[in-house]
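Undergrad: Can you keep this structure in mind? I'll have questions shortly.
The values are calculated or read from the model by the stated rules, or taken from the named source; none is laboratory data. Since this is a predicted model, take the numbers as computed values, not measurements. A quick note on method: Cβ atoms are made from the backbone with ideal geometry, for glycine too, and the neighbour counts reach across all protein chains shown. Side chains are part of the model used for accessible areas, which takes the heavy atoms of the whole protein and leaves out ligands, DNA and RNA. Shrake-Rupley method; radii C 1.70, N 1.55, O 1.52, S 1.80 Å.
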Amino acid sequence: MTLTAALLLTGSELLDGRTRDRNGYYLSGTLATAGFDVSHMVLTPDAPAALRRDLAALLAERPTVLVLSGGLGTTHDDLTAQAVAEVTGRALAEHPEALRMVERTTRRVAERRGLPLDDLLPHMRRQARLPEGARPVAPAGVAPGFVVEHDATSIVALPGVPWEVEAMWPGVLDRLAAAHGATAPRRAQVRFYGWGEVQVATLLHAQPTDRLRVAITASDGEVTVTASPATDEASAAGQLETLVAALLASGPAFSSDGRTIDQVLADLLRAAGATVATAESCTGGLLSGRLTELPGSSDYVVGGAVTYADAAKRALLGVPSDLLIAHGAVSEPVARAMADGARAVTGATFALSTTGIAGPGGATPDKPVGLVYVGCAGPRGTSVRRHEFPGDRATVRAWSVVAALHQLRWALEA
């Protein structure tokens, strides 16, 4: 039996551009990994009628799990508990256990902010009002979530703050998976760098995939193929193995086990006992941020410098003035000098540099928007690669970061 899931993400800020959704990406990914087929993801505004309409429509599809995110706070537009109660025909009442949770978290807030508890609690306790029959989920912030069973569907309500969702959801998902007998699907992910979607799609067309679910996604210069058996037949599993082998043999794949380039680099650096530093111009610290995003990155990241101005390149990295005058900041010699300088200053095993024109201004006939030089200095010397990336400023910077990560990977694998 196929286990299905639907997501209802509440908040007018998601629909008018004030906030980027992060919860849908996170929740759908974890549900799929746990063995649920995510069939719907709906954004709905903070309007009672719209929330009830979308909730009722999703329940009519009878998903195994329906997850709502947002609308559990204390403001006038926090409407989720009320909507769930109305749509499922339940009373809304203060739940004793939820109230204890709210009292504990409110006390911490009052102590941290130096406010009287008696002033806060009357406003906070509305978060303890749950639909009849609901089970509260312990909060990561102040507002508890809840789970309530309705017909064939487990309805889960979580706050809208992403870090709270990510703290509260894993335990809930484990219990749902156990209750519904979900098992993690067999799935393969092969990641490429250096090929575009067309090249990967051409390779896929040459392989038998009629018993598989196959998807291609592209992001910041990388292409990922995700495949899983569409049936339980042994032939589908065999087809998956054949596909993965063909992908690894035919293209510039860098991961076949689901690891991202960040995770691949972390493993390579730790295995080599190596460290890395950065010297950034056009990426403005994004590369350092990416390298330090994984927990434990202090094992291999030494530090970095954002040298946006020529004066900073000279003072912090020792880039010679004559190079800057003769070639300009966006050039192969300057990228090389930046990487060499960062390695010398920090003592890191490797150093990465980025210098380019992210746009929209700053271009010349010889140096268009999107031109970026990426350098990598290491024990075997310094390499610099020239790129011309498409897109707007954010895209050029994002692609530059990924290019630098892969240049480090090549150096480590050499």
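Undergrad: For segment 306-330, name all the residues that are touching a residue at least 40 places away in the same chain (Cβ under 8 Å) and either small (Gly, Ala, Ser) or farther than 19 Å from VAL372 by Cα (or both).
TA: We begin by selecting, within segment 306-330, every residue touching a residue at least 40 places away in the same chain (Cβ under 8 Å); these are 329-330.
Passing the criteria: only ALA329.
Undergrad: Within segment 159-173, take every residue that is in a helix (DSSP H, G or I) and of a type in the set (A, V, I, L, M) and give me the one that is most open to solvent (accessible area, probe 1.4 Å). Break it down into steps so the answer makes sense when it comes.
TA: Looking only at segment 159-173, we keep the residues that are in a helix (DSSP H, G or I), and these are 162-173.
Now drop any that are not of a type in the set (A, V, I, L, M), which leaves 165, 167-168, 172-173.
Numbers: VAL165: 0, ALA167: 64, MET168: 13, VAL172: 4, LEU173: 17 Å².
Once the filter is applied, the top-ranked residue is ALA167.
Undergrad: Here is a follow-up. Go through (1) under 17 Å from THR153 (Cβ atoms); (2) surrounded by 14 or more Cβ atoms within 10 Å (Cβ to Cβ) for ARG62 and report which single condition fails.
TA: Only one criterion is unmet by ARG62, namely (2).
Undergrad: I'd like to verify a number: residues in segment 121-137 that are surrounded by 15 or more Cβ atoms within 10 Å (Cβ to Cβ) and over 20 Å from ALA91 (Cβ atoms), how many?
TA: Looking only at that region, the number is 2.
Undergrad: Something else: Got a sec? Which of LEU3, LEU43 is of a type in the set (A, V, I, L, M), farther than 17 Å from VAL147 by Cα, open to solvent by 50 Å² or more (accessible area, probe 1.4 Å) and in contact (Cβ under 8 Å) with a residue 24 or more places away in the chain? It would help to see each step written out before you state the result.
TA: On the way: LEU3 fails: open to solvent by 50 Å² or more (accessible area, probe 1.4 Å).
Sole residue among the options that is of a type in the set (A, V, I, L, M), farther than 17 Å from VAL147 by Cα, open to solvent by 50 Å² or more (accessible area, probe 1.4 Å) and in contact (Cβ under 8 Å) with a residue 24 or more places away in the chain: LEU43.
Undergrad: Is it true that VAL67 is of a type outside the set (Ser, Thr, Tyr) and closer than 18 Å to GLY145 by Cα? Explain how you work it out, then say what you get.
TA: Values: of a type outside the set (Ser, Thr, Tyr): yes; closer than 18 Å to GLY145 by Cα: yes.
Yes; evaluated as a whole, the condition is true for this residue.
Undergrad: Kindly indicate the residue of segment 93-115 that is buried (at least 17 other Cβ atoms within 10 Å of the Cβ) and in contact (Cβ under 8 Å) with a residue 12 or more places away in the chain and also farthest from GLY145 (Cα to Cα) among those meeting that condition.
TA: Step one: filter segment 93-115 for residues buried (at least 17 other Cβ atoms within 10 Å of the Cβ), giving 95, 98-99, 101-102, 105-106, 110.
So of that shortlist, the ones also in contact (Cβ under 8 Å) with a residue 12 or more places away in the chain come out as 95, 98-99, 101-102, 105-106.
Details: HIS95: 12, ALA98: 9, LEU99: 12, MET101: 10, VAL102: 11, THR105: 13, THR106: 15 Å.
The extreme case among them is THR106.
Undergrad: Determine, yes or no, whether PRO360 is over 22 Å from ARG290 (Cα atoms), open to solvent by 20 Å² or more (accessible area, probe 1.4 Å) and either at pLDDT below 95 or hydroxyl-bearing (Ser, Thr, Tyr) (or both). First the steps, then the outcome.
TA: Working: over 22 Å from ARG290 (Cα atoms): yes; open to solvent by 20 Å² or more (accessible area, probe 1.4 Å): yes; either at pLDDT below 95 or hydroxyl-bearing (Ser, Thr, Tyr) (or both): no.
Spelling it out, it is not the case that PRO360 is over 22 Å from ARG290 (Cα atoms), open to solvent by 20 Å² or more (accessible area, probe 1.4 Å) and either at pLDDT below 95 or hydroxyl-bearing (Ser, Thr, Tyr) (or both).
Undergrad: Which condition does GLY318 not pass, out of (1) touching a strand residue (DSSP E or B) at 6+ places or on another chain (Cβ under 9 Å); (2) surrounded by fewer than 20 Cβ atoms within 10 Å (Cβ to Cβ), if it passes all the others?
TA: Failing condition for GLY318: (1).
Undergrad: Can you tell which of ASP54, ASP118, ASP78 is assigned to a helix (DSSP H, G or I) and crowded, with 19+ Cβ neighbours inside 10 Å?
TA: Working: ASP118 fails: crowded, with 19+ Cβ neighbours inside 10 Å; ASP78 fails: assigned to a helix (DSSP H, G or I).
The match here is ASP54.
Undergrad: OK, next. When the residues of segment 175-184 are narrowed to those that are farther than 12 Å from LEU31 by Cβ and either in a helix (DSSP H, G or I) or modelled with pLDDT under 95 (or both), which ends up farthest from the chain's Cα centre (by Cα)?
TA: Here is the first cut: in segment 175-184, the residues farther than 12 Å from LEU31 by Cβ are 175, 178-179, 181, 183.
Filter once more, so that each one left must be either in a helix (DSSP H, G or I) or modelled with pLDDT under 95 (or both): 175, 178-179, 183.
Numbers: ARG175: 24, ALA178: 26, ALA179: 28, THR183: 23 Å.
Per the stated criteria, the residue is ALA179.
Undergrad: While we're on this one: If you check PRO379 against the conditions, is it in contact (Cβ under 8 Å) with a residue 24 or more places away in the chain and over 29 Å from the mean Cα position of the chain (by Cα)?
TA: So PRO379 passes the test.
Undergrad: Give me a count of the residues in segment 196-207 that are under 21 Å from TRP410 (Cβ atoms) and open to solvent by 60 Å² or more (accessible area, probe 1.4 Å).
TA: Of the residues in that region, 1 qualify.
Undergrad: Which one of these does GLY273 not meet: (1) under 30 Å from HIS205 (Cβ atoms); (2) out of contact with any strand residue (DSSP E or B) (no Cβ under 7 Å at 6 or more places or on another chain); (3) not hydrophobic (A, V, I, L, M, F, W, C)?
TA: Checking GLY273 against (1) under 30 Å from HIS205 (Cβ atoms); (2) out of contact with any strand residue (DSSP E or B) (no Cβ under 7 Å at 6 or more places or on another chain); (3) not hydrophobic (A, V, I, L, M, F, W, C), the one that fails is (1).
Undergrad: Would you confirm whether or not segment 237-248 contains a residue that is assigned to a strand (DSSP E or B), of a type outside the set (A, V, I, L, M, F, W, C) and open to solvent by 60 Å² or more (accessible area, probe 1.4 Å)?
TA: The answer is no; no qualifying residue exists.
Undergrad: crowded, with 18+ Cβ neighbours inside 10 Å and at pLDDT 95 or above: does that describe ALA49?
TA: Values: crowded, with 18+ Cβ neighbours inside 10 Å: no; at pLDDT 95 or above: yes.
Criteria not met by ALA49.
Undergrad: I'd like the full set of residues that are open to solvent by less than 50 Å² (accessible area, probe 1.4 Å) and of a type in the set (A, V, I, L, M, F, W, C), limited to segment 363-385.
TA: LEU371, VAL372, VAL374, CYS376, ALA377, VAL384
Undergrad: Go through segment 141-172 and give me each residue that's within 18 Å of THR74 (Cβ to Cβ), free of Cβ contacts under 8 Å to residues at least 40 places away in the same chain and aliphatic (A, V, I, L, M).
TA: VAL161, MET168
Undergrad: Which of the residues that make up segment 296-305 are surrounded by fewer than 14 Cβ atoms within 10 Å (Cβ to Cβ), touching a residue at least 24 places away in the same chain (Cβ under 8 Å) and among the small types (Gly, Ala, Ser)? Let's see the steps before the verdict.
TA: If we filter segment 296-305 for residues that are surrounded by fewer than 14 Cβ atoms within 10 Å (Cβ to Cβ), which is where we start, we get 296, 298-299.
Restricting the remaining residues to those that are touching a residue at least 24 places away in the same chain (Cβ under 8 Å) gives 296, 299.
Across segment 296-305, the qualifying residue is only GLY296.
Undergrad: Quick test of your reading of the structure: LEU31 fulfils all but one of (1) assigned to a helix (DSSP H, G or I); (2) open to solvent by 10 Å² or more (accessible area, probe 1.4 Å). Name the failing condition by number.
TA: So the condition that LEU31 fails would be (2).
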